[in-house]
Amino acid sequence: MDFNNDGMLDIVVGERYGYIHYFRRTGPGINDLTAEGKITANGTIIDTGYNSAPVVVDWNNDGLLDIVVGDGYYGGSRKTRIYLNSGTTSSHVFTNYTFLQNSGSDMQVQSCMPDVYDLNGDGKKDFIAGMESGYLYYYENVGTDAAPVFSGYERLQSNGVDIKIRRATRVTISDWNNDGHPDLVVGEHDGYVTLFLAATTGTSESQEATPVDVFRVEPVENPVTDSFQIKLICSDGPVSIAIYDSMGRMAKSFTVSGQSDIAVLSAESMAVGVYTVVATHGGSMSSCRVVVTR
């Protein structure tokens, strides 16, 4: 992710002893990275105790990148910390943390290794946790995108069966095959990585025969370089479109007339990465994902 808002992708990574390290990219090469040291909060190095598992995301939608970090230690607190950024987009200031809540109490996930992603495509960030047992827990956001609220969880499944990797799972969610659906990349304690591709429904023929009163958005091409082209399938307008980057920050928003139009938006000023396009039309919502490359 672009941690310091300079247009280049940086690395923020946890480690065995509970710290979080920041490597700043200084050029276009894969090795153009400068170690900026351990990330601090309130002047003290962040230390979860063991196996820190950070996710960088704009948690409260204030335009600043925050840190959500799990305690990856088997015998640890089982709690997930949220460090909100009170600085700027290029100079982060983290102070005290709060614990992530579930049903009004501190969320308890053993050896939590999280990801934050709008998994159900409703425009709100959800919480997904890998854990020591090998299962993947999905916490649907029943609040808002800017103020997430969680109440209960369910295990993610593949082919109707709970996903269970041997133990200590770490999940990353992205559109691996660029088909507009979120896939799961899951690592585990023994060093293996497993890919779960999201199942698509229907065939190309049946999709083409979709009636125009069904609301759907989909990319005309994916990935893109200079411009987004989003196909709008609906009977009338208007359609409101918001584009979010991988950190949950709104990058663009606009309104189009609908009526099966092609919405075109310049991507020249947008950083390389994966973007989520969320469209709303009346009481309906549809989303797709687009990769920007150069």
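Could you please find all residues in the stretch 146-178 being of a type outside the set (A, V, I, L, M) and in contact (Cβ under 8 Å) with a residue 40 or more places away in the chain?
148, 150, 151, 152, 153, 169, 170, 172, 174, 175, 178
All but one of (1) modelled with pLDDT of 80 or more; (2) more than 19 Å from residue 183 (Cβ to Cβ); (3) open to solvent by less than 60 Å² (accessible area, probe 1.4 Å); (4) not in a strand (DSSP E or B) hold for residue 268; which doesn't?
Result: residue 268 passes all but (3).
Can you find a residue that is within 21 Å of residue 127 (Cβ to Cβ) and touching a Ser or Thr at 6+ places or on another chain (Cβ under 7 Å) anywhere in the stretch 20-35? Explain how you work it out, then say what you get.
If we filter the stretch 20-35 for residues that are within 21 Å of residue 127 (Cβ to Cβ), which is where we start, we get 20.
Applying the additional criterion that residues be touching a Ser or Thr at 6+ places or on another chain (Cβ under 7 Å) yields 20.
Yes.
Looking at the stretch 25-45, which of its residues are under 30 Å from residue 131 (Cβ atoms) and assigned to a loop (DSSP other than H, G, I, E, B)?
Within the stretch 25-45, 39, 42 meet the criteria.
Please determine, by comparing only the residues of the stretch 41-86 that are of a type in the set (D, E, K, R) and either surrounded by 20 or more Cβ atoms within 10 Å (Cβ to Cβ) or within 21 Å of the chain's Cα centre (by Cα) (or both), which one is modelled with the lowest pLDDT.
Across the stretch 41-86, the extreme among qualifying residues is 71.
For (1) part of a loop (DSSP other than H, G, I, E, B); (2) under 30 Å from residue 180 (Cβ atoms), each residue gets a yes or a no:
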{"residue": "47", "(1), (2)": "yes, no"}
{"residue": "56", "(1), (2)": "no, yes"}
{"residue": "61", "(1), (2)": "yes, yes"}
{"residue": "64", "(1), (2)": "yes, yes"}
{"residue": "88", "(1), (2)": "yes, no"}
{"residue": "92", "(1), (2)": "yes, no"}
{"residue": "97", "(1), (2)": "no, no"}
{"residue": "119", "(1), (2)": "yes, yes"}
{"residue": "133", "(1), (2)": "yes, no"}
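Out of all the residues in the stretch 99-117, which are in a loop (DSSP other than H, G, I, E, B) and either closer than 20 Å to residue 243 by Cα or of a type outside the set (Ser, Thr, Tyr) (or both)?
To start, the set of residues in the stretch 99-117 that are in a loop (DSSP other than H, G, I, E, B) comprises 100, 103-104, 107-112.
Those that are in a loop (DSSP other than H, G, I, E, B) and either closer than 20 Å to residue 243 by Cα or of a type outside the set (Ser, Thr, Tyr) (or both): 100, 104, 107, 108, 109, 110, 112.
One line per residue, one yes/no per condition, for (1) of a type in the set (Lys, Arg); (2) touching a strand residue (DSSP E or B) at 6+ places or on another chain (Cβ under 9 Å):
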position: 29; (1), (2): no, no
position: 47; (1), (2): no, yes
position: 52; (1), (2): no, yes
position: 81; (1), (2): yes, yes
position: 97; (1), (2): no, yes
position: 120; (1), (2): no, yes
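I need a count of the residues in the stretch 23-40 that are open to solvent by less than 50 Å² (accessible area, probe 1.4 Å) and touching a His at 6+ places or on another chain (Cβ under 9 Å).
Total satisfying the criteria: 2.
Restricting attention to the stretch 271-294, and to residues there that are within 22 Å of residue 126 (Cα to Cα) and open to solvent by 40 Å² or more (accessible area, probe 1.4 Å), which single residue is nearest to the chain's Cα centre (by Cα)?
In this case the residue turns out to be 274.
What is the number of the single condition among (1) under 18 Å from residue 198 (Cα atoms); (2) open to solvent by 20 Å² or more (accessible area, probe 1.4 Å) that residue 91 does not meet?
(1) is the only condition that residue 91 fails.
The values are calculated or read from the model by the stated rules, or taken from the named source; none is laboratory data. Bear in mind that the values here come from a model prediction, so they are computed numbers and not experimental data. Virtual Cβ from ideal backbone geometry, glycine too; neighbours counted across all protein chains shown. Just so you know, the surface numbers come from the protein's heavy atoms only, side chains and all, with ligands and any DNA or RNA stripped out. Shrake-Rupley method; radii C 1.70, N 1.55, O 1.52, S 1.80 Å.
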